[in-house]
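The values are calculated or read from the model by the stated rules, or taken from the named source; none is laboratory data. Remember, predicted model here, so these are calculated numbers, not experimental data. Quick reminder, even Gly has a Cβ in these numbers, built from the backbone with ideal geometry, and neighbours come from all protein chains shown. Ligands, DNA and RNA are excluded from the accessible area calculation, which covers all protein heavy atoms including side chains. Shrake-Rupley method; radii C 1.70, N 1.55, O 1.52, S 1.80 Å.
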Amino acid sequence: MTPFRVDPARLYDVRADGTAETCVPVTEAQLLRHRLLVRRCWVGAVLLNAGAMGASAMAAAVLGWGAAARVALLALAAMPLLAVAPLLARFGTPAGRRAWRRRPPDFGSGSG
């Protein structure tokens with residue numbers, strides 16, 4: 001039994017390198033916004049790639065192979081955009097922890 005009440009908002013862990021970090025709750029609204037951003041990035045990349053490949057096919061049918069080769073460079077340039085959404089989903093997820101260089105400003109204002 002401790003003679004004081006422990007406030008979980010004032011607790012923080014210390015990493016092996018000495019950096020203090022606190023648990024920050026991630027709200028459902030933040031996760032929803034993140035999922036929506038990932039979905040929009042994925043749909044945009046797929047539409048851009050489909051448009052570029054369709055333009056390349058149309059250029060081959062209408063303008064000839066030389067123009068199709070030039071337009072195909074646009075399709076090749078748009079291809080890496082397909083990796084943005086999975087990378088954003090993996091590494092851009094809102095974190096539940098926050099690292100601090102100094103003690104948080106409101107650390108001493110809690111009850112205790």
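Can you give the accessible area of Val38 in Å² (nearest 10), computed on protein heavy atoms with a 1.4 Å probe?
Probe radius 1.4 Å; accessible area of Val38 about 30 Å².
R0 = 35 Å: FRET efficiency of Ala29 with Leu76, Cβ-based, nearest 0.05?
Taking R0 as 35 Å, the efficiency between Ala29 and Leu76 is 0.35.
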